[in-house]
Amino acid sequence: MPPIPGSGLAKGLAVTLRTMTKKTVTAQYPDVQPDLPPRSRGVIGLFEENCTVCMLCARECPDWCIYIDSHKETVPAAAPGGRERSRNVLDRFAIDFSLCMYCGICIEVCPFDALFWSPEFEYAETDIHELTHERDKLREWMWTVPEPPALEPGAEEPKEIAAARKTAEKLEAQSAQEAREAQEARAAQEARDAGQAPTREGDQ
């Protein structure tokens, strides 16, 4: 059946009329900041202490917008008779956001959690060269990184947190044991100084 002449125009006018009857909502930016989703990809922050200069982020970046320079330093042996070892020291870590396509590959492949997404997006510049953020600038973005969302009810605790908690409990128990032994030693010393036999809890 051939289409009725003017049916397309009628459908278009119907959409226009429906839109005209709806309330207009205008985003009052920049006076009112937008409510961004928690996983917004704004800018990348660098937590320099976690970076081991493994170069994995720079190698995996499809845009080659990450620049890393480093040098090696010799670390003396930790114990007598031990061997010296070398470690990488970060000299430069920069991201050119004029090339970055915000794919997030660098953040995903980082094995030591040194890169994080920040929802901040207001870093436009009049000069394109200013869009290359050095490590000091990337470090400043870390203060805008939101806290990770809470775990869902019944979710398994991350292995890193469980291991850290177990270590902390072990150290706490060890400290408490050492404190008890020190207290008993002081009590025994005081008893010897007084010419009395030392007593322990539970002795009859």
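The values are calculated or read from the model by the stated rules, or taken from the named source; none is laboratory data. Keep in mind the model is a prediction, meaning the values are calculated, not measured. Virtual Cβ from ideal backbone geometry, glycine too; neighbours counted across all protein chains shown. SASA here: full protein model, heavy atoms, side chains in, ligands and nucleic acids out. Shrake-Rupley method; radii C 1.70, N 1.55, O 1.52, S 1.80 Å.
Numbers below:
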quantity: Qualifying positions in segment 88-126 - of a type in the set (S, T, N, Q) and in contact (Cβ under 8 Å) with a residue 12 or more places away in the chain; calculated: N88, S98, S118
quantity: Some residue of segment 120-134 being touching a strand residue (DSSP E or B) at 6+ places or on another chain (Cβ under 6 Å) and hydrophobic (A, V, I, L, M, F, W, C); calculated: no
quantity: Candidate set from segment 128-160 (those that are open to solvent by less than 100 Å² (accessible area, probe 1.4 Å) and among the basic types (K, R)); member that is nearest to the chain's Cα centre (by Cα); calculated: R139
quantity: Check on A124, over 29 Å from P30 (Cα atoms) and either modelled with pLDDT under 95 or of a type in the set (S, T, Y) (or both); calculated: no
quantity: Lone unmet requirement of (1) surrounded by 11 or more Cβ atoms within 10 Å (Cβ to Cβ); (2) without any contact (Cβ under 8 Å) to a residue 24 or more places away in the chain; (3) within 30 Å of V32 (Cβ to Cβ) for R85; calculated: (3)
quantity: Enumeration of residues in segment 48-63 that are touching an Asp or Glu at 6+ places or on another chain (Cβ under 9 Å) and either open to solvent by 70 Å² or more (accessible area, probe 1.4 Å) or modelled with pLDDT of 95 or more (or both); calculated: E60
quantity: Criterion violated by D31 - all others in (1) among the acidic types (D, E); (2) open to solvent by 70 Å² or more (accessible area, probe 1.4 Å); (3) under 17 Å from S118 (Cβ atoms) satisfied; calculated: (3)
quantity: Any hit, segment 9-19, residues being of a type in the set (D, E, K, R) and either in contact (Cβ under 8 Å) with a residue 40 or more places away in the chain or surrounded by 10 or more Cβ atoms within 10 Å (Cβ to Cβ) (or both); calculated: yes
quantity: Pairs, first polar (S, T, N, Q) in segment 52-74, second surrounded by 12 or more Cβ atoms within 10 Å (Cβ to Cβ) and modelled with pLDDT under 95, C-beta under 7 Å, six or more apart; calculated: T52/N88; T52/F112; S70/V53; S70/N88; S70/L90
